[in-house]
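Structure first, then comments.
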Amino acid sequence: MHGTPDLRATSLTSLPETTAVGGGGRILLAAPRGYCAGVDRAVDVVEKALELYGAPVYVRKEIVHNKFVVESLSKRGAVFVQETDQVPEGARVVFSAHGVSPEVHEAARVRRLATIDATCPLVTKVHREAVRFAKQDYDIILVGHQGHEEVEGTFGEAPGHIQVVGTPEEVDDVVVRDPDRVVWISQTTLSVDETRLTVDRLRQRFPNLIDPPSDDICYATQNRQGAVKAIAPKVDVMVVVGSANSSNSVRLVDVALESGVPSAHRIDKAEELRGEWFAGAATVGLTSGASVPEILVRDVIEWLQAHGFPTVEVVRTETESTTFALPRDLRADLKAAGMAPARPHAPREVLPDHTR
Ligand code: SF4
């Protein structure tokens, strides 16, 4: 449908803070939404690697958890694999934004793979915390979802010291060596409120529980949840654009429902919208997860505008300016090839042409 889309939407115009077109139902568009700095960087890594080294560029796991992004990069020559043993010996492989364990680095070294690590620096920060607390011989409670790639990567930094806890109820099953030497860390994309409940329960069991040095739930996750909470009291239906395996997107649906929105739907793309979801609704809330290109939000706005919601109002709760540089080796190779290290960072939220 989109041909070869610009995944960073650089050519579109920045969204004004309040835009109104026509009458009837309205859309409240959450801001911030969509691409975070870690996703922006990870997608840029694959695009730059394709330009610099040529196809194929192997990528372990989905570079970010978004179907559309993965399909778009596949069309350009990225080859997504589950494990490094599916990459030909000596070839180049990109590690995804979610991070990998030391075991994966070692498997790549054994196969003589050239690696480019697109792990988000905010995930790397949590890995470092895990390593440091393990060295100090703490029992580490990793609050996160079992089986999620980020949790697997962090767990792999110190498997002998870490226990994964997914819900407040699971806290009851935690067994530690010394209740006074317990620390918690977390996945970066959790619900802020549910994590607080889990940590409160941990603290009831272990009153001397040690907190991580700074929030592990990242700025982008917190900001997107904050924006959903801000519009929640005013909307009848919430639409969240994001893939089913995107933790932060799924959390946005949870946050909307917990904040009192009568119904909330996660979709990958506009084609999944159903007219009956909006029967009787006057206001639709719209947001997108941190791995979602703005072009998919634009499609949803167009669909809603054609189905009785012509007015778009942006509700901004934060302005984001975080950006991350490309991995050092890739920057060096780009420089040696006389290529620009990165495109200027794009405005991540854009407005469809007809609502400017
Ligand atoms: S959601 Fe947060 S931790 Fe994950 S890639 Fe984005 S900025 Fe990094």
> Are any residues in segment 126-153 of a type in the set (D, E, K, R) and either more than 15 Å from the ligand (Cβ to nearest atom) or without any contact (Cβ under 8 Å) to a residue 12 or more places away in the chain (or both), and if so, which ones?
Replying inline: Arg128, Arg132, Lys135, Asp137, Asp139
>> Out of Thr198, Thr188, I need the residue that is in contact (Cβ under 8 Å) with a residue 12 or more places away in the chain, touching a Cys at 6+ places or on another chain (Cβ under 9 Å) and β-branched (Val, Ile, Thr). Which one?
In response: Thr188
> Is it true that some residue in segment 188-203 is in the same structural domain as Glu150 (by the TED database), within 16 Å of the ligand (Cβ to nearest atom) and either among the aromatic types (Phe, Trp, Tyr) or over 18 Å from Phe155 (Cα atoms) (or both)?
Replying inline: yes
>> Take the conditions within 16 Å of the ligand (Cβ to nearest atom) and among the polar types (S, T, N, Q) and apply them to Thr119. Does it pass?
In response: yes
>> Looking at Phe309, Phe324, can you tell me which residue is in contact with a Pro (Cβ under 7 Å, 6 or more places away or on another chain), among the aromatic types (Phe, Trp, Tyr) and modelled with pLDDT of 95 or more?
In response: Phe324
>> Quick check on segment 229-242. Is at least one of its residues touching a residue at least 12 places away in the same chain (Cβ under 8 Å), surrounded by fewer than 23 Cβ atoms within 10 Å (Cβ to Cβ) and under 25 Å from Ser72 (Cβ atoms)?
In response: no
>> Restricting to segment 34-87, count the residues that are in a loop (DSSP other than H, G, I, E, B), more than 16 Å from the ligand (Cβ to nearest atom) and under 17 Å from His98 (Cα atoms).
In response: 2
>> Where the second residue is in a helix (DSSP H, G or I) and surrounded by fewer than 18 Cβ atoms within 10 Å (Cβ to Cβ) and the first is among the aliphatic types (A, V, I, L, M) and lies in segment 295-314, which pairs have Cβ atoms under 8 Å and are six or more apart or on separate chains?
In response: none
>> So Gly260 passes all but one of these: (1) on the phi > 0 side of the Ramachandran plot; (2) in the same structural domain as Val151 (by the TED database). Which condition number does it fail?
In response: (2)
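The values are calculated or read from the model by the stated rules, or taken from the named source; none is laboratory data. The structure presented is a predicted model; accordingly, all values stated were derived computationally and were not measured. So basically every Cβ, Gly included, is an ideal-geometry build from the backbone, and we count neighbours across all protein chains shown.
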